[in-house]
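Structure, as structure tokens:
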Amino acid sequence: MAADQFHLAWFLNGYRVHGWSSTWIGANTTQWMLPDFYAEFARSLERACFDYLILEDSALVPDAWGDSHDIYLQHALHIPKHDPAVLASILSQATSRLGIVPTLSITEYPPYLLARYISTLDHVSRGRAGWNMVTGSSDRAAQNYGHEAQPAHDLRYDMAEEFTELVRALWDSWEPEAMVVDADAGMFVDGSKVHKIDFEGRFYKSRGPLNTARSPQGQVPIVQAGGSPRGRAYASKHADCIIATGRSVAEMKAYRDDVHARMVANGRKPDECKVLFLVSPVLGETEAEAKDKKARSVAAAGEHPELYYANLGFVTNIDFSVYDLDTPVGELASQLTTNGHQSSLDALVKGNEHRTLREIAGSGQPGQRVELIGTPDQVAGQMGELMEETGGDGFLFTLDTLTRRTVAEITDGLVPQLQKRGLTRKSYTYDHFRDNLLEF
């Protein structure tokens, strides 16, 4: 029995240089800050009928390795990085059906400003905006905004729930029929259908209403990634799409079942929120070529374990340079705590207690993602089997090296094989992002 049709999206790791030392980077080494490549990239995703493109963001120069930013700047790890809100607006004009989802942190944006920006983006994109809700995790970012540190992990999610309630109330401050635009009656907007919200909570308050017209989607889809119990609690109440992880069918299915149970407990139907799993396929003309590509990637990682842990430190706020890389993780587990991404730290420790930090960095295990390797036809088959076994809703691609070549391998190589199997759409049914997301 074939798997049901599923969704595709792409997680872009920031508006920054990608794969700057790659053989196939082309002019992007010096032109990465211009929108041209990203516009072409977004059109490629739209041609392949992806649901959306998410633009990750962070507002800091990392220094989690050795209390120094040098390694990050030398290797262009997460830096330099530009504001995705600007790029999102440009991409909305370069495409006509693709969902555009910028990352906006609740610890960096006031609720009214965020609600107004997303509403405006929804208008200029004709109903294709989304919001990737993040709570913020880096103390360095907090310090850039005048704070000493980020709030505690679970407190941030308390803030996120109230923040989301306020933003949604602002989006609803204009009723659907408020825009009358009746020249004969002399009425542009019916004032009786625009309302104050007078929201006052524990963390936020706002009088409202928004001064933007009601957006085409009304309620813009919210995307969220949360592997911790508190993150899952938020997702089950508020998210329209979840960025999920899983290293095996069992992990993927357990995650989806848990979120669905939480949704039901919150009075929601499970199909109201799509669970998309992060994947980073390794593709080749032949299976042997794909495996060779993977082996070379693993060997490179093994030669530079410091880069692996500088990356992990970026999301966990842990300085791994203070630990002997030849120490088994199990001996360090009690010392490794984070106010950052808890699921990333859990993935390092879980099942690796007897392996050293160096062995993990050079093992080639795909982090929190299931491994997909082979020809486009083989990987398409693997993806279909995964969805059939997990009951998932689709996949979110992310690649460490983003070039025109690696994009084409997915959009012009893998996706046609998925479409051939009837696993992904060949055309869009609707104009709005939300409608396409909830179509199946």
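The values are calculated or read from the model by the stated rules, or taken from the named source; none is laboratory data. For clarity, every value in this text was computed on a predicted model and none was experimentally measured. A quick note on method: Cβ atoms are made from the backbone with ideal geometry, for glycine too, and the neighbour counts reach across all protein chains shown.
Here is a yes/no grid of residues against (1) surrounded by fewer than 14 Cβ atoms within 10 Å (Cβ to Cβ); (2) closer than 23 Å to Phe6 by Cβ; (3) assigned by TED's automatic domain parsing to the domain that holds Arg405:
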{"residue": "Ala250", "(1), (2), (3)": "yes, yes, yes"}
{"residue": "Ala254", "(1), (2), (3)": "yes, yes, yes"}
{"residue": "Arg268", "(1), (2), (3)": "no, yes, yes"}
{"residue": "Pro281", "(1), (2), (3)": "no, yes, yes"}
{"residue": "Ala299", "(1), (2), (3)": "yes, no, no"}
Practice task
Evaluate the stretch 370-380: report whether one residue or more is under 30 Å from Glu306 (Cα atoms) and modelled with pLDDT under 95.
Solution key: yes
Exercise for the section: Using the structure shown, decide if Ala160 is outside the structural domain of Ala225 (by TED's automatic domain parsing) and either under 30 Å from Glu46 (Cβ atoms) or under 18 Å from the mean Cα position of the chain (by Cα) (or both). Expected result: yes
Exercise for the section: Consider Ile90 carefully, then state whether it is farther than 30 Å from Ala149 by Cβ, in a strand (DSSP E or B) and at pLDDT 95 or above. Expected result: no
Completion exercise
Filter the stretch 362-404 for residues that are over 23 Å from Ser44 (Cβ atoms) and among the polar types (S, T, N, Q); the one that is surrounded by the most Cβ atoms within 10 Å (Cβ to Cβ) is Thr390
Problem - Selected residue (only one of Leu166, Leu155 is farther than 21 Å from Tyr112 by Cβ and part of a helix (DSSP H, G or I)) - result: Leu155
Fill in the blank from the handout: When Ala408 is run through (1) surrounded by fewer than 19 Cβ atoms within 10 Å (Cβ to Cβ); (2) outside any loop (DSSP other than H, G, I, E, B); (3) without any contact (Cβ under 8 Å) to a residue 40 or more places away in the chain, the failure sits at (3)
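Condition check ((1) surrounded by fewer than 19 Cβ atoms within 10 Å (Cβ to Cβ); (2) under 30 Å from Gln74 (Cα atoms); (3) assigned by TED's automatic domain parsing to the domain that holds Asp377; (4) modelled with pLDDT of 95 or more) across all residues:
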position	(1), (2), (3), (4)
Gln224	no, no, yes, yes
Met263	no, no, yes, yes
Leu276	no, no, yes, yes
His304	yes, yes, no, no
Ile318	no, yes, no, no
Asp326	yes, yes, no, no
Problem - Residues satisfying the stated conditions in the stretch 105-143, i.e. under 24 Å from Ala310 (Cα atoms), polar (S, T, N, Q) and part of a loop (DSSP other than H, G, I, E, B) - result: Thr107, Thr135, Ser137, Ser138
Exercise for the section: With respect to Ser105, determine if the residue is surrounded by 18 or more Cβ atoms within 10 Å (Cβ to Cβ), of a type outside the set (Val, Ile, Thr) and in contact with a strand residue (DSSP E or B) (Cβ under 8 Å, 6 or more places away or on another chain). Expected result: yes
Practice task
Identify all residues within the stretch 174-195 that are of a type outside the set (Asp, Glu) and either touching a residue at least 60 places away in the same chain (Cβ under 8 Å) or surrounded by 11 or more Cβ atoms within 10 Å (Cβ to Cβ) (or both); write none if there are none.
Solution key: Trp174, Ala178, Met179, Val180, Met187, Phe188, Val189, Lys193, Val194, His195
Problem - Of all residues in the stretch 239-296 being in contact (Cβ under 8 Å) with a residue 60 or more places away in the chain and polar (S, T, N, Q), the one that is farthest from Glu388 (Cα to Cα) - result: Thr286
Exercise for the section: Count, please, the residues in the stretch 420-434 that happen to be under 19 Å from Ala42 (Cβ atoms) and in contact (Cβ under 8 Å) with a residue 12 or more places away in the chain. Expected result: 9
Practice task
Would you mind stating whether Pro102 is part of a strand (DSSP E or B) and of a type outside the set (Ser, Thr, Tyr)?
Solution key: yes
Practice task
Write out, first by first residue and then by second, each pair whose Cβ atoms fall under 9 Å of each other, whose residues are 6+ apart or on separate chains, and whose first residue, in the stretch 4-18, is part of a strand (DSSP E or B) while the second is surrounded by fewer than 19 Cβ atoms within 10 Å (Cβ to Cβ) and of a type in the set (Asp, Glu).
Solution key: His7/Glu439; Tyr15/Asp83
Completion exercise
Of the residues in the stretch 345-379, those that are part of a helix (DSSP H, G or I), more than 20 Å from the chain's Cα centre (by Cα) and among the charged types (D, E, K, R) come to Arg358, Glu359, Asp377
